[in-house]
Amino acid sequence: FLIHTIMSLRLSTQKDLQCTHCGFTKSKLDLYCYFAWNDGIWSDMRHIAPNQAVPALVQYCPQCNRFYYIEAEGVYMTSTNDYNWIEPVDYAAILPSVKDYDGFAWSPVIEYNQRLCLLWAYNDHFFRNPLRTTPSEEDKKIAKNNILALVKLLSDPLIIAELLREAEEYDLALRFVADAEDTDLDDEEKAALYKIKDLALNHNNRPFKVSD
């Protein structure tokens with residue numbers, strides 16, 4: 001078993017983050033710890049090749065006990081057609097802020113970044129984690145609502161079909177499978193589509209590895 005690893009450490013300049021609710025300012029330092037390997041791409045667009053730590057888009061204010069988002073920092077994907085290998089926040093850490101998402105007036109790209117990170121954190125915690133536990137009904141509800149909001153930002157029927165399958169919207173997922181079948185797919189995408197269709201027909205919502 002061979003792992004290719006690259007490690008380095010860099011400390012950037014200090015930055016001030018201001019709460020958009022109360023104006024409280026807190027300082028942070030960006031610590032970039034490069035520790036890269038490649039463990040493949042998953043059906044939820046998760047590329048297990050963490051490269052660097054980046055500022056969280058949603059921040060907690062210790063002054064007013066509320067969450068706010070940062071429009072100009074930490075954008076992982078610059079388009080809702082992009083995805084990459086940035087490591088998401090741990091599910092337990094990201095969970096407290098989820099209740100505030102619907103009240104944020106964020107741009108589609110910022111929302112896409114944050115909701116995709118929530119999806120990855122959920123799937124990491126409950127499906128990819130070797131010590132995984134079974135999600136509660138509340139966890140499932142959070143994941144489903146997040147996916148239904150996320151797919152509104154997407155246009156690729158293949159990706160939409162997969163995410164709807166993971167949200168246990170199997171009939172709707174199969175409709176998008178049919179739409180994807182009418183598009184120009186390469187061999188890897190066709191194999192993924194066949195897998196999505198088979199899993200949806202069998203009411204299986206687990207993410208799967210697309211490639212190593």
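Computed from the coordinates by the stated procedures, all read-outs in this text should not be read as laboratory data. A quick note: this is a predicted structure, and the numbers were derived from the prediction, not measured. Note that we place each Cβ from the backbone using ideal geometry, even for glycine, and neighbour counts take in every protein chain shown.
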Task: Length-normalised contact order of the range 152-209 in % [C-alpha pairs under 8 Å, at least 6 apart] - done: 41 percent
- [ ] Grab the Cα-Cα distance for LEU131 and LYS195, subtract it from 0.36 nm times how many residues apart they are, and report the gain in nm with one decimal.
- [x] 20.5 nm
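How much length is gained if the chain between GLU168 and SER211 is pulled fully straight, taking 0.36 nm per residue apart and subtracting their Cα-Cα distance, in nm to one decimal?
Numbers: separation 43, 0.36 × 43 = 15.48 nm, distance 2.30 nm.
Contour length minus Cα-Cα distance gives 13.2 nm.
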Task: ASP90 versus ASN202: modelled label distance in nm, points set 7 Å from Cα along the beta carbon direction - done: 3.3 nm
Open item on the list: Test of the criteria: in the range 122-212, which trypsin sites (Lys or Arg not before Pro) are in a DSSP loop and have at most 13 other Cβ atoms within 10 angstrom of their Cβ?
Closed with: ARG132, LYS152
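Within the range 141-212, list the chymotrypsin sites (Phe, Trp or Tyr not before Pro) lying in a DSSP loop whose Cβ has at most 16 other Cβ atoms in a 10 Å radius. Don't skip to the answer; put the middle values down first.
On the way: sites: TYR170, PHE176, TYR194, PHE208; in loops: PHE208.
Loop-located and lightly packed - PHE208.
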Open item on the list: Multiplying the sequence separation of ASP139 and HIS21 by 0.36 nm and subtracting their Cα-Cα distance, what value in nm do you get?
Closed with: 39.7 nm
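Is there a quick way to get the dipole size of the range 95-176? I mean about its Cα centre, with the Cβ of Lys and Arg at +1 and of Asp and Glu at -1; what is the value in debye to the nearest 20? Intermediate results must be reported in sequence, preceding the final value.
Numbers: 10 positive and 13 negative charges, 16 e Å.
It comes to approximately 80 debye.
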